[in-house]
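One structure is given here, and the rest of the page talks about it.
The values are calculated or read from the model by the stated rules, or taken from the named source; none is laboratory data. All values reported here derive from a predicted model rather than from experimental measurement. Note that we place each Cβ from the backbone using ideal geometry, even for glycine, and neighbour counts take in every protein chain shown. To get the accessible areas, we keep the full protein, side chains included, count just its heavy atoms, and leave off ligands, DNA and RNA. Shrake-Rupley method; radii C 1.70, N 1.55, O 1.52, S 1.80 Å.
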Amino acid sequence: MSYPPPPSGQTPNPYAGPPQGGPAPQGPYAPQGHPAPGPQGPPAYPAYPGGPMNGMGGMGPMGPMPGMVPPKASMPGVTIAARVLLFVAGAIWGIMAVGFLIAAMAASDVDDTGTFGEASIGLVVVFSLVFAAMSALHIVPASLFGRGRAGTRVTAIVAASLNTLCAVLGFLGSLTPARAEANPLAAVLWLAVSVCTIVFCSLGASGRWFGRPRY
């Protein structure tokens, strides 16, 4: 197809489009700004904010769709409080275990006559091992609160229940005449910590935390 010659004195522009009213040229050499039709289809548009991107699914009416990574859940406050109390109780049990071992070694060093006896030292060692086991029974489940399941919650409740039993026995022992010098306030505080731990672990928020789905 031919076009009318340009006016005299002007250089023809090879990139100029067709005259108005004329048909646009077809084919792969269409002017810039007018993409030629081809098998590639319509141009792709960027993902809209909040929509599926990078191969991930979206949020459907019944929950997260396949391929979607849900937001990370945060631990409830009552569960955090129970965790802190377990760490505190486990640290106290550990300190008592170390203290018993130190006392046994000191007594064996100063006992030149042998009145302390090997049996007494063995008994102190046994108590130290029991206290160390109680410390581990508190610290291990407390460390697993972030990724633990129902078993972690049950272990924490069992540890707090044993604490409650020890606190009750200590309180009753402090009321006997043989231990008139004992202070029952320490047993009361220990009992309060144990009961609070059991209550915090038994609340519905803690149950939902340990029973939450893992994706």
- [ ] Give me the distance in nm between label points sitting 7 Å out from Cα along the Cα-to-Cβ direction at residue 107 and residue 178, one decimal.
- [x] 1.6
Task: Accessible surface of the stretch 127-215 [probe 1.4 Å, protein heavy atoms]: carbon and sulfur percent - done: 76
- [ ] In nm, give the distance between the simple-model label positions of residue 192 and residue 72, each being 7 Å from the Cα along the Cα-to-Cβ direction.
- [x] 3.5
Task: Solvent-accessible area of residue 196 with every protein chain in place, 1.4 Å probe, in Å² to the nearest 10 - done: 60
